[in-house]
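Notes follow the structure.
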Amino acid sequence: MRQTRFPFTAVTVAALLAACGGSATQPSISGLAATGMALANANVTAKCSSGPTVSGTTFSDGSFSLELTGSQTMPCLVQVSNGAVTLHGFAADAGRINVTPLTDWVIAKAMGLDDALAFASFDASKGSAIKAGLDQAKTYVKAELIALTGGTLSGDPLTGFFKIGDADDKLLDSLAAALTAAGKTFDDLRLGAVLGQPLRAAMDRGTLVDPAALLTTMTAAQIDGATLASGLQAISGKAKCDVQLVALNYNTVGVKGEKTNSSGVLLLPTGACNSAAGLVAYAKGTDVQKPRTLANPADSETFLLAAVYAAQGYAVVATDYLGFAKSAYAYHPYLHADSEASSVIDSIRAARIAAKSNGAMLSGKVMVTGYSQGGHSSMAAHRAIERDNAREINLVAGAHLAGPYNLSGSLKLPNAIAGYQFFVPYLVTAWQKAYGNIYSSPALAFKQPYDSYIETLLPSPTLNYTMLVTSGKLPGAAGETPNQARDAMFQAAFLADAQTNANSTLFLAAKKNDLLGWSPKSRLLLCGGAGDPTVPPMVHQAVMKADFDSRNLVNVSSVDVDAYVQAAYGIGGKAPADPASAAFATYYGNYHGSYEPPFCHAQAKAVFDLVK
């Protein structure tokens, strides 16, 4: 701990008094609070299963002693905070305890809950839950400490005695040094402990696998030429900045918290734009092409981000997701909210490192957005950042565009959405890989011949959307309707079970990845178009807005861009009405993928401009 040694601490004084036959004392909780340095002059509070809260202050060497009144019922959860660091310890009985990052992680793992949340509502049931999980949690933390520092803890992390300069104390010093070297805090690893994930992977999250590589610079004139030719300039405006494209390859975690990587792109405003930029973290729409990366100036989605945001002064980071481009992950966990959020959050961390290495300045303000699948991903990230990373990431707004937020509700629809043959098999097979219980055999979910290859089809190393159909890998080449494509691929009993059985594993997986039931603290925009046949707003956007409204949130807004789409692409400013017409097929075939996105991005930027 590198502190001055004190021959007598509060603990040893109390012990000497007792040994000398002093007056009988009340039971107490005493011990040491440290992170690798003593937590001196920190507030100490004990909440017990019942009885009044007890408070005090640590001494300069991190020691403390809280005298119980006799009316408390053990166990007690102890919190020590100096304003910068907050840690927790657990007292099963009166006596000596430790309060260190290790005890904090033991409690988090035992409870499966953030320590601060457990402390805020601590009672007898939570005390019992911690006690029940302690043995497994201690084993986990000791193993993770070896992985992080190479050292082995000699005693019990909760109660084992350690002193300044001994081997266990030096392990805390080594742990603190490892975290500092990785640019991480104890808080960064707590969430990994809650989930029982490898903490080495959590420490590496957001660090760069490869040096950030400048690919090219698009000049403002080049951007203006392209937006003028395509008609996008009426929405994006003229470029104010040149835009650098920087390729990223960064560390993140998989669905079980295991270490892996993802790639992506960082767009940096430059040229006439030299002030500190707000950072927009973007999540892309559904992608079926495994080699595709957004680190490509010719990619239409990348160019849209450059024109709407980066050329207007924002830095933009966009993840390729797990399982794409340079990612070594074995599959893409499609519409798996937690791993989507991790990919986005770690892209923010990687962007900060890459921006610095490329001489760019970021303002510290972060905004998240995404389209289609990306709307689901960006909202999952928005929720996770405010819940778990608020002290690290200053999230000022989120704009979630045409996203499928109500997945369990979408399974109940009697009619298939446009693109069903791509999206639903993708989702079902991804969740099978993530959870392992959606079906016991592909033949129980899929009809022949799809059951023989569907699990390895998406994303494809060689086929795009069109080729997946024209090759016969997915139905649609004969002009099948969405319902016909659905019925050609799926076993009727499998779908019926998801629609009617509340315990269906597919339905429960969908509930797990719904985004209903949370309350954003920062400004939030929902955007979509009423005519969207792929992600119908009445199923997702309207349900999401109603859910927010049920909690009387005033920081959430919702916009429908359908009027803009009709005016730009309809016949006489109106959507085609004849389902048998070629114009109808063209209009609705392009609505979600091409027509809707620029208008929603313009709405997103308008919100970001208010808080940047």
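General observations
- For segment 96-118, filtered to residues that are small (Gly, Ala, Ser) and touching a strand residue (DSSP E or B) at 6+ places or on another chain (Cβ under 7 Å), the residue that is farthest from residue 58 (Cα to Cα) is 118.
- Test: residue 220 is within 16 Å of residue 310 (Cα to Cα), out of contact with any Leu (no Cβ under 8 Å at 6 or more places or on another chain) and at pLDDT 95 or above: yes
- Candidates in segment 83-106 are the residues that are part of a strand (DSSP E or B) and open to solvent by 10 Å² or more (accessible area, probe 1.4 Å); of these, the one that is nearest to residue 159 (Cα to Cα) is 96.
- Hey, residue 35 hydroxyl-bearing (Ser, Thr, Tyr), closer than 30 Å to residue 125 by Cβ, surrounded by 20 or more Cβ atoms within 10 Å (Cβ to Cβ) and at pLDDT below 95 or not: yes
- Single match in 355, 351, 311 (criterion: more than 23 Å from the chain's Cα centre (by Cα), more than 28 Å from residue 506 (Cα to Cα), modelled with pLDDT of 95 or more and open to solvent by less than 10 Å² (accessible area, probe 1.4 Å)): 311
- Residue in segment 174-195 that is outside any helix (DSSP H, G or I) and open to solvent by 30 Å² or more (accessible area, probe 1.4 Å) present: yes
- Residue match in segment 265-287 (condition: open to solvent by less than 10 Å² (accessible area, probe 1.4 Å) and basic (Lys, Arg)): yes
- Comparison of 189, 199 shows that the only residue that is under 25 Å from residue 84 (Cα atoms), modelled with pLDDT under 90 and within 18 Å of the chain's Cα centre (by Cα) is 189.
- Of the residues contained in segment 519-529, none is found to be in contact with a strand residue (DSSP E or B) (Cβ under 8 Å, 6 or more places away or on another chain), among the aliphatic types (A, V, I, L, M) and farther than 30 Å from residue 389 by Cα.
- Residues that are open to solvent by less than 50 Å² (accessible area, probe 1.4 Å), of a type outside the set (Ser, Thr, Tyr) and not in a loop (DSSP other than H, G, I, E, B) within segment 556-589 comprise 556, 559, 562, 565, 566, 583, listed in sequence order.
- Checking every residue in segment 77-90 against the condition of being of a type in the set (A, V, I, L, M, F, W, C) and without any contact (Cβ under 8 Å) to a residue 40 or more places away in the chain gives at least one match.
- Residue in segment 157-167 that is aliphatic (A, V, I, L, M), touching a helix residue (DSSP H, G or I) at 6+ places or on another chain (Cβ under 7 Å) and over 23 Å from residue 393 (Cβ atoms) present: yes
- Residues that are part of a loop (DSSP other than H, G, I, E, B) and open to solvent by 70 Å² or more (accessible area, probe 1.4 Å) do occur in segment 519-527.
- Helices (runs of 4 or more DSSP H) contained entirely in segment 369-458, each with at least 3 residues that are open to solvent by 20 Å² or more (accessible area, probe 1.4 Å) and touching a residue at least 40 places away in the same chain (Cβ under 8 Å): 373-388, 420-435
- Filter result for residue 507 (in contact with a strand residue (DSSP E or B) (Cβ under 9 Å, 6 or more places away or on another chain), more than 22 Å from residue 287 (Cβ to Cβ) and not in a strand (DSSP E or B)): no
- If the condition is being out of contact with any strand residue (DSSP E or B) (no Cβ under 7 Å at 6 or more places or on another chain), touching a residue at least 24 places away in the same chain (Cβ under 8 Å) and either under 30 Å from residue 192 (Cβ atoms) or exposed (fewer than 13 other Cβ atoms within 10 Å of the Cβ) (or both), then segment 203-230 contributes 203, 211.
The values are calculated or read from the model by the stated rules, or taken from the named source; none is laboratory data. Quick caveat, the model's predicted, so the values are computed rather than measured. Cβ sites come from the backbone with ideal geometry, for glycine too, and all protein chains shown count toward neighbours. To get the accessible areas, we keep the full protein, side chains included, count just its heavy atoms, and leave off ligands, DNA and RNA. Shrake-Rupley method; radii C 1.70, N 1.55, O 1.52, S 1.80 Å.
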